Structures are given as C-alpha cells and as structure tokens.
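Everything on this sheet refers to the single structure shown next.
Read the figures in this text as sums done on the coordinates, not as results from a lab. Because the structure is a prediction, the values reported are computed rather than measured. Please note: Cβ atoms are built from the backbone with ideal geometry, for glycine as well, and neighbour counts cover all protein chains shown.
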Amino acid sequence: MIFLLNLGEEANTIHYPLKPIFIILYIAASVWAIEAVIYHGRRPSRSISWALVIIALPILGAILYYLFGINRRKFKFFNTKEFEKRNTYALPKLSVQDKFKSRFDDIRMERLNRLITASSNTTAKHGNKVSVLQDGGETFNELFKAMERAKKFIHVQYYILEKGELLDKMLGLFEQKIKQGVEIRILYDSLGSYQLRGRPKKQFQDIGVKIHPIMPIRLKNLLFSLNFRNHRKIVVIDNTVAFTGGVNVSDKYIKHKNELGKWKDAHLKLEGPIVNDLHMIFLKDYFFASKKEEFNINDYLFEQKAVGEINAQVVAGGPDSMHPTIMQQYIGMMNQAKTSVRIANPYFVPGEAFLQSLKITALEGVDITLLVPKKSDSNAAKFAMFSHFEELLQVGVKIYLREDFSHSKIMVVDDDLVSIGSGNFDIRSFELNYETNILMYDKGTNKELTLEFDRICKKADEVTLERFQNRSLWLKFLEGLFKFFKPLI
C-alpha cells in the first residue's frame, strides 16, 4: 500500500541506480568495440564508419559491430579443420583440363587472367559456349528445359528459394526426375531462403532430394553465420550444361508482385570446359554443407569437349578467401580499360578502393557509365548509393536511372571484356558473401551486352551534376546518414 501511494518516489528510487549502470555498460561496450575496430579493422574508412555507428547507437552499435563488423578472417572460424577441408576439397584434379587453358597475346587480358588465377584459383578456359539470358522468363524457360533432359544428376544452389509458382514447378519436375533415377542435390542460403524452412523443405526431402542449408543460423554459430551469406546461384546438369548469374528462384522474376514490377536480371547458360570449374565451386560448398555425405568428386567431374570459341573464367570468392576476389576482379577489369567501362548494378555501394579506381580511370579519359534503378527494394542501399553520385559526376562519370528494377550485376569493358554473376558492387559482395561471377574475354558477348546497355540508357533518366546538386536538404541528409551505415548494407 505504501508502495502504491508513493509510486512516484519509489519509481525514482528504483530507476535512479539504473542510470549509472546503463552509462557504465555503454562506456564498456563502446570501449570494447572501438578497441576491436582499432586492432582488427582492415581499412581506416570502414573503421571510422563503425566507430560512428558504435557512438551513435548506445549498446546497439556495439552489438551490431559484434555481429556484423568483426574481422573474423583473423579468428578461429577461418582456421578450423572444416574450412581447410572445404578449401582443398575441390582443387582442380583433372590434368586433362590443362589443354583448355587460355593463352592471350593481349597483355591486358593476360594480366587479368593472372590476377583471377592467383586470387580465385581458376584459370581462363577456351572452347566454351555462353548464352546470355536477359530476364527471368528466358532464364527459367532454358533452365527447366535443361533439367527435363537430365540423365544423371541435377545440382542446384541458390541464395533465395522462395515459395511460389517457380518453386512448385521445380518440386514437380524433381519428383519426375528422381523416379527416372536422376540424383538431385540442393544447397540454399539459410537467411535468403528462410521461406524454405519447415514444410517446403520437407516436401523436397520426401521425394528424395538431398537438400542442405549453407551455414544454418543457429545460436551456437550466430556470430559468424549471420553475417557471412552464400549469395551464389549455380545449377549444373549432368556436368554438360550449367547456369549462373543473378537470378534467384522467386516469382518476382516472372510476374508483377509489388511497386517494383517484374524484376529484370541477367543470367548465363554455359557449356564447355568452364562447366567443370563452376561445378567444383558447387561441390566444394556441398561437401562443406552436407558434412556427412561422402562422394568421389571425380564421379561428377569429367573431361569436357570444346563446344564454342569463348574464353571464360570462373571468379569465386568468399570470406574465407585469402583475397577480396570479387573486388579485385572489378578493379582489375577497370585497370585494363582503354576506352569505356559500363556498369549495371542495383546496389552500387562500393568501398573506397573501388571508388578511387573508378575516379582515376575516369580522370584518365575513359568513358564510364553507371546504370542503376530509380527505385529500389532497399531504401538504405539506395540512399547510400546516391551519396556517391556527386563525386562521380564531378570526375565525368555518366549516371543513368532506369525506370524498371534490374537486379543484374554486369560490367562491360572496352569491346572485349564482360562480367556477369552474383557479385554486387558493394562491401557485402566484396568481403562478406560467397559470390560467383563469369568473366568472358569475348567480343561477341561484349557487343551483345553493349547494345542492350546503350538501348536502356537512351530510355533512362540521365543524372546531371547541376540537377543533382539541387536536390533537397532532406535527401542530402538521408544520403549522408546511410553512407555511414555502408558496412551494414
């Protein structure tokens, strides 16, 4: 009763000691996090961003850094026997593949090939056939036709497997193929494919599909599994045809689901020696994810034949790689540019190294064009991306905003280099995600994509420096704010 009558006094008495406790916790967490940033931060610019996040968001900032910011390359997770096993499991074992190694007379191409070989442990191969699939409809039409022809196995890896028409069609097709004796294995990202949990996953298991998440999000491994995602999209069928690129299994690629409309994206159908290299990436990931399932890698990799004339190279990187492979690929391509660079990407939020390379290349007189969507599925990424526009426009980079939403990750250099894959131009793809691109040293593919790129730019809204500088103060504030949160985007 006394407590009720003196509620105000009691409230003051109870809460007063919590204030210094909160302050002590805030100071302790901030000091710990900032100390970790100083000792283990890789780059000053990113370290400053994290320090500001820690100071601006009491307690929460330290928690976010603990989950998303710590450089775990230096910690035990990336030195365990499991990871050593994973990294050596799919090393090239087919000496017969050496006959397809590309030899370049052009020093630009040879230097780029050497860079990717050293960074990604994959060499350029000749004798390939590559078909560019410009949207989801074309991609899934070709993909399902190839799956229907499967005789031995279908290996599938996606960041997003989302409930809907496409997943249902895949389930029905897989049920038929398993009855025909075809082996089917699926890898999926635990966070990106959260809709697969429960009944949808069990439906695949019930028909005989071997399905596994990559780094499942559990409390015991939360510190490393939450931040490091497997963003790859790979399908290999009978080791004769493969698909990779930016398209996920989601109905948003075949129908209008929200204000962004039907998503556009670029994907690739691959045949020839390059299939073995791409398949090794899948098998390495599957071996790591399945843990218990043992199989002979040479039962799924075998000698290929030349089926085309394209020189192509798999570029694969992740948080356990020795180098930031995807970033090095893009900078390497930029450094070889003589006349032009074209970039299409929905999340153009790169780190300082790539930005400086881009600005230097522009100041050298190379024509650089950036094509991004006007609308985005992530406002945080959009504002962070726009925060770099002014400095890019000032050095002569041309920027176009397309009306539709394109999820493509494309880089086209001069008239002979092309990259298509899963790697975005952002810190997450450069350092935190497992990604796979295909680099093509080919004039024909380059011309096809250049014509399509320029066609879209003619319809898009060009951003001029004068107009962009006149945007509202509110937009400038949002851009500046989200620029500091780049490590989280």
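Assorted remarks:
- Stokes-Einstein D in µm²/s, Kirkwood radius over Cα pairs - the range 137-234 at 20 °C with 1.002 mPa s viscosity: 152
- Using θ = phi - 60° and Karplus 6.51 cos²θ - 1.76 cosθ + 1.60, couplings along the range 424-430 (whole Hz; Gly, Pro as x): 6, 9, 8, 4, 4, 6, 6
- You can think of it this way: the chain between Glu175 and Asn379 has 69.5 nm of extra reach, that is 0.36 nm per residue less the Cα-Cα gap.
- On the beta carbon distance between Arg455 and Glu183, with R0 = 41 Å, the FRET formula returns roughly 0.45.
- Loop-resident sites, the range 271-306, for GluC sites (Glu not before Pro), counting at most 16 other Cβ within 10 Å (DSSP): Glu293, Glu294, Glu303
- Protection-proxy order for peptides 374-387, 463-476, 313-326, each taking the mean of Cβ atoms within 10 Å per residue, highest first: 313-326, 374-387, 463-476
- Members of Lys125/Lys255; Lys163/Lys486; Lys99/Lys409; Lys129/Lys409; Lys163/Lys305 lying beyond 27 Å, as alpha-carbon distances in this model show: Lys125/Lys255; Lys163/Lys486; Lys99/Lys409; Lys163/Lys305
- Residues in the range 389-397 carry Karplus couplings, in order, of 4, 4, 5, 6, 4, 5, 9, x, 5 Hz; the curve used is 6.51 cos²θ - 1.76 cosθ + 1.60 with θ = phi - 60°, and Gly or Pro positions show x.
- The Asp367 and Ser131 beta-carbon pair, evaluated with R₀ = 30 Å, returns a calculated FRET efficiency of approximately 0.60.
- Length available on full extension from Val307 to Glu148: 0.36 nm per residue minus the Cα-Cα distance, which gives 55.1 nm.
- Sites Lys443 and Lys257 - FRET efficiency at Förster radius 56 Å, r taken between beta-carbons, to 0.05: 0.90
- Among the listed pairs Lys202/Lys264; Lys338/Lys398; Lys177/Lys264; Lys201/Lys252, those beyond 23 Å (Cα-Cα): Lys202/Lys264; Lys177/Lys264
- By the count of neighbouring beta-carbon atoms within 10 Å, fewest first, Met334, Met147 end up ordered Met334, Met147.
- The distance between label points at Trp474 and Met322 comes to 5.2 nm (points 7 Å beyond Cα on the Cα→Cβ vector).
- Percent of C-alpha pairs per 5 Å bin, the range 325-488, short to long: 2, 9, 18, 23, 23, 15, 7, 2, 0, 0
- Loop-resident GluC sites (Glu not before Pro) (DSSP state other than H, G, I, E or B) in the range 378-416 with no more than 15 further Cβ atoms inside 10 Å of their Cβ: Glu403.
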